[in-house]
Amino acid sequence: MKAACIILTSIVLVAIMAVCVMVKFATEITVEERKRDYYPGSGVYHVAKSIAVIALNENNSIAVSERFPYVAAIARNSSSTWSFACFASVVLVKWVVTSAHCRQKGATHRVLLLHDFARNVSTSYPILYWRIHEKYNPNSTTPSNDIAVAKFNIDYPLRSSTFDDRPVTDVEASIWKTVATMDRRVYLINDFDRFPLKLASGNRCYETYGVQLDESLICVDMSDYEDCFIHEFGPLYYEDKLVGVLALQPKDCEVKLAVFTNVSYYTTWVLKLTQTTFYG
């Protein structure tokens, strides 16, 4: 009995130390461009003294970053530290399309690019202003109109994803993986992937979420994968075309359906809010 207690105590101490290591290196995001420093034995890359990256495996991510050069992570700061919020896609060079629920009122937000991140460059770019869909209701139980555009400050052109109002039959999700600590904070990790996903009928998502889907929403089936999808992921693409941004993700790992906002449905709205008169 005594030996069992000693073993249990050791396990608890190791777990606490691991969480402390993850949280310790989550300080503030800087706009300066620096290389990540590796701390031997700690398993943590320190991103320009900013957001923590847990080194869970080898970072063989160049191919994925080349496939998705326009994928971005949004970080926000509402107190003294920055934290990951959601994912977005660069469009029209200096804009991102993302979910409206990503923006937190009163917080400062920055854009971190997957393409830079995968190459150990940790530049982040401040968001200048947001445009939230006027019909989005954060207190609603349905994910309708969960879309936003944000302009960020960058002084050189970026490769952008495209978008249009034509429907698609095939989609692929960018997967920039995350982990959560015991305090429920979510961190980006150096693990990237791409998953071809199946479009599902709206009825299936209705059975899971109790939400009626119209043409502004997409139901996506992830049942071909054992991964857990309870955190933010995406966006969805067809080749270089942005198809969807996440609106509803599963509450537990057993659920393999998610709801995305159909960006094609909002093409005219995006062009209007970005004051782009012609595109494509």
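The values are calculated or read from the model by the stated rules, or taken from the named source; none is laboratory data. A quick note: this is a predicted structure, and the numbers were derived from the prediction, not measured. Using ideal geometry, Cβ is built from the backbone for each residue, glycine included, and neighbour counts are taken over all protein chains shown. Note: accessible area is taken over every heavy atom of the protein model, side chains too, but ligands, DNA and RNA are not part of it. Shrake-Rupley method; radii C 1.70, N 1.55, O 1.52, S 1.80 Å.
Charges at C-beta only: +1 for Lys and Arg, -1 for Asp and Glu. How large is the resulting dipole of segment 119-265 about its Cα centre, in Debye rounded to 20?
Here the size comes out at about 440 debye.
Starting from 0.36 nm per residue, how many nanometres of slack lie between residue 194 and residue 240 once their C-alpha separation is accounted for? Could the numbers behind the result be given before it?
Details: separation 46, 0.36 × 46 = 16.56 nm, distance 1.33 nm.
Between residue 194 and residue 240, full extension yields an extra 15.2 nm.
Between their Cα atoms, which of 198/241; 151/256; 177/251; 198/256; 105/241 are more than 22 Å away from each other?
Among 198/241; 151/256; 177/251; 198/256; 105/241, the Cα-Cα distance tops 22 Å for 151/256; 105/241.
State in Å² the accessible area per residue of segment 166-264; use a 1.4 Å probe, count heavy atoms of protein chains only, and round to the nearest integer.
47 Å²
Order 90-101, 145-156, 221-232 from most to least packed using the mean count of other Cβ atoms within 10 Å.
Ranked by mean Cβ neighbours within 10 Å, highest first: 90-101, 145-156, 221-232.
Carbon and sulfur atoms: what percent of the 1.4 Å accessible area of segment 159-275 do they account for?
Accessible surface attributable to carbon and sulfur in segment 159-275 totals 45 percent.
Out of segment 235-280, which chymotrypsin sites (Phe, Trp or Tyr not before Pro) are coil in DSSP terms and have no more than 10 other C-beta atoms within 10 Å?
Loop-located and lightly packed - 278.
Which net charge results when you count Lys and Arg as +1 and Asp and Glu as -1 among the other residues whose beta-carbon is under 11 Å from that of residue 74? Before the final figure, lay out the partial values.
Working: positive: 76, 103, 110; negative: 232.
Charge balance in the 11 Å sphere: +2.
Are there trypsin sites (Lys or Arg not before Pro) in segment 100-129 that DSSP marks as loop and that have at most 12 other Cβ atoms within 10 Å, and which are they? List each step's numbers first, then the result.
Working: sites: 103, 105, 110, 119; in loops: 103, 105, 119.
Listed in order of number, the matching sites are 105.
Could you work out Rg/(2.2 N^0.38 Å) for segment 171-270, with Rg from alpha carbons only? Spell out each step's value before the answer.
Working: Rg = 13.6 Å, N = 100, 2.2 N^0.38 = 12.7 Å.
The reported ratio for this selection is 1.07.
For segment 96-142, what value does the Rg/Rh ratio take when both radii are computed over Cα atoms and Rh is the Kirkwood radius, given to two decimals?
My calculation puts Rg/Rh at 1.07.
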